[in-house]
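The values are calculated or read from the model by the stated rules, or taken from the named source; none is laboratory data. The structure displayed is predicted, hence computed values, not measured ones. Cβ placement follows ideal geometry from the backbone for every residue including glycine, while neighbour counts extend to all protein chains displayed. Only protein heavy atoms, including side chains, enter the accessible area calculation; ligands, DNA and RNA are left aside. Shrake-Rupley method; radii C 1.70, N 1.55, O 1.52, S 1.80 Å.
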Amino acid sequence: STAGFDASQMLFNSDYFVGMKGSKIFIELSTKNITRTKIETNAAVSKAYYMVLVNNEKSKLLDANLDRLKKVMQDTKALMDNGFVEKIDYDRLSVLYTNMQVEKEKVERLLGVGMYLLKFQMGMDANAELTLTDKLADMKVDAPATISPEKFDYSKRIEYGLSETQFRLAKTDLKRHRYSYLPFAFAYGSLSGNAYRSEFDIFSTGKPWYPIALVGATVKMPIFTGGQRHYKIQQSKLTVQKAENTMDMVKKSIDMDLATSATMLTNAAASLETQKKNITIAEDVAKVAKKKFDQGVGSNLELITAETALKEAQTNYISALYDAVIAKIDYDKANGNLK
């Protein structure tokens, strides 16, 4: 009969120690990938959210225009029935009213599609109830301050953090291949006892067991692998160089994003302010044209032209507002402020 136990302990193994360090870096890389996905999702949800708000605002403006134009049509019909205006004047307003109704229906359908898109981006059920509480009037879009690329903290951008982590991972892999020239060693020990009996009485006390103890160590040194290790090191060096070039390219890409997003936001903010002024002027012109028409000193064509110009100004304002909001999201993302 034999009873005993064995034990061993690794003393040195370069693959193990470098691998432990590499696993921590890989966990960090995976965590940063999660962060990048969250930021991308945030941007997609924000754009879908504001698209719904913009279409909702456009729908309200069209409702107001339809109500105002309907009142003008009723007044014009009364004048036509009394012989003060021709039927063609009423028909022109009818065409404008019909076209505006068609556009209103298009916006309503776009609102439905926008809500579905928003729910999809948020991971919601398409049939779930969703109410948007924000108002575009509360959204402020100002021209950004100029930021010098030399003063920008690249660590604020998750893309740079990912490339930097990949660079560290490549350096760790290079270190692993370099350490492959080193030996690895482990210690071991064994303690056992043997019993030699002519009968099955190994559990009886007082009878001898003969102990055997063994302690030792093993050291293995890789001598020749046909040049395989050398060329793996060369490949790893190229991988490190590639990762370093990627970091530099990411920096340049971030610089371009900063400049482009700042310019787009500046232009969008300026365009929004211009469209705000234009819509105020168009509203005043429409009011004057309506008064002149009611007093018989203005033509129906002048009124229709003013209403068309107002509608165009409102459409341009809505488009400028959406562009400004999207530019603000892209600017925040470029500056690493979209968490």
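When the range 1-25 is examined, which residues are found to be assigned to a helix (DSSP H, G or I) and modelled with pLDDT of 90 or more?
Those that are assigned to a helix (DSSP H, G or I) and modelled with pLDDT of 90 or more: S23, K24, I25.
Of all residues in the range 280-337 being among the polar types (S, T, N, Q) and not in a helix (DSSP H, G or I), which is least open to solvent (accessible area, probe 1.4 Å)?
My answer is N335.
If you go through the range 37-85, how many residues are among the acidic types (D, E) and in contact (Cβ under 8 Å) with a residue 60 or more places away in the chain? So that I can check it myself, show each step before the final result.
At the first step, the residues of the range 37-85 found to be among the acidic types (D, E) are 40, 57, 63, 67, 75, 81.
Okay, now just the ones that are also in contact (Cβ under 8 Å) with a residue 60 or more places away in the chain, so 57, 75.
Total satisfying the criteria: 2.
Step by step: first the residues of the range 163-196, then only those that are in a strand (DSSP E or B), at pLDDT 90 or above and open to solvent by 60 Å² or more (accessible area, probe 1.4 Å), then the one that is farthest from V240 (Cα to Cα). Which residue is that?
Among them, the one singled out is L191.
Among the hydroxyl-bearing types (S, T, Y) and modelled with pLDDT of 90 or more: does that describe Y90?
So Y90 does not fit the description; no.
Considering each residue of the range 59-86, count those that are part of a helix (DSSP H, G or I) and either open to solvent by less than 50 Å² (accessible area, probe 1.4 Å) or of a type in the set (A, V, I, L, M, F, W, C) (or both), and give that number.
Qualifying residue count for the region: 14.
When you look at V102, is it at pLDDT 90 or above, open to solvent by less than 70 Å² (accessible area, probe 1.4 Å) and more than 25 Å from the chain's Cα centre (by Cα), yes or no?
yes
Just to be sure I understand the filter: pairs with C-beta atoms under 8 Å, separated by 6 or more residues or on different chains, first member in the range 251-280 and under 16 Å from K328 (Cβ atoms), second member open to solvent by 70 Å² or more (accessible area, probe 1.4 Å) and not in a helix (DSSP H, G or I). Which pairs pass?
L258/I147; A262/T146; A262/I147; A269/D142
Would you mind stating whether K119 is in contact (Cβ under 8 Å) with a residue 24 or more places away in the chain, more than 30 Å from G298 (Cα to Cα) and of a type in the set (D, E, K, R)?
It is false that K119 is in contact (Cβ under 8 Å) with a residue 24 or more places away in the chain, more than 30 Å from G298 (Cα to Cα) and of a type in the set (D, E, K, R).
Which numbered condition in (1) in contact with a Leu (Cβ under 8 Å, 6 or more places away or on another chain); (2) open to solvent by less than 50 Å² (accessible area, probe 1.4 Å); (3) of a type in the set (D, E, K, R) is the only one that K237 fails?
For K237, the exception is condition (2).
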